[in-house]
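One structure is given here, and the rest of the page talks about it.
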Amino acid sequence: GKTQEALLLPSSTPLPSMEEGWRECREGLDALHQEIRTFADSLKPSPSDEHRVHQCLEAIQLTARGMLRDASAHLFGSQAVGLSTPTSDMDVVVLSKGLADGTESTSA
């Protein structure tokens, strides 16, 4: 009937080959990939942001060692794995074997 005829393409309209279709799809995916990379790069902390995080971690380490001789400060979370943004917080844990096993106590 008429509904079937309406769904058919006119014979003058050539169908794209599979290769052409894939190339167009690939070009679109490449463009999307580049947009995502550009966006992700814009969210990365700057070298000065990274330096500030390192300085803060050092300050925490020095403060902790002032209280516990064997203390060590460790960064974890998004800052540690490179997924932070300029507004991300810092996740830090301070470890001390002496405090854990009772051979050392805090001086404060």
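The values are calculated or read from the model by the stated rules, or taken from the named source; none is laboratory data. None of these values were measured; they are calculated from a predicted model. Note that we place each Cβ from the backbone using ideal geometry, even for glycine, and neighbour counts take in every protein chain shown. Just so you know, the surface numbers come from the protein's heavy atoms only, side chains and all, with ligands and any DNA or RNA stripped out. Shrake-Rupley method; radii C 1.70, N 1.55, O 1.52, S 1.80 Å.
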A73 is checked against (1) open to solvent by less than 40 Å² (accessible area, probe 1.4 Å); (2) assigned to a loop (DSSP other than H, G, I, E, B) and fails just one. What number does that condition carry?
(2)
The correct count of residues that are at pLDDT below 90 and surrounded by 10 or more Cβ atoms within 10 Å (Cβ to Cβ) in the range 33-43 is 2
Working only within the range 44-57, note down all residues that are in contact (Cβ under 8 Å) with a residue 12 or more places away in the chain and either among the aliphatic types (A, V, I, L, M) or surrounded by 11 or more Cβ atoms within 10 Å (Cβ to Cβ) (or both).
K44, P45, D49, V53, C56, L57
What about D30, is it surrounded by 11 or more Cβ atoms within 10 Å (Cβ to Cβ), at negative phi and modelled with pLDDT under 95?
no
Could you list all residues from the range 54-108 that are under 21 Å from A40 (Cβ atoms) and polar (S, T, N, Q)?
S78, Q79, S84, T85, T87, S88
Filtering the range 7-27 down to residues that are open to solvent by less than 70 Å² (accessible area, probe 1.4 Å) and part of a helix (DSSP H, G or I), which residue is modelled with the highest pLDDT?
C25
For G66: the one exception among (1) among the small types (G, A, S); (2) without any contact (Cβ under 8 Å) to a residue 24 or more places away in the chain; (3) open to solvent by 50 Å² or more (accessible area, probe 1.4 Å):
(2)
Which residue is farthest from D101 (Cα to Cα), if the candidates are limited to the range 47-70 and must be among the basic types (K, R) and assigned to a helix (DSSP H, G or I)?
R52
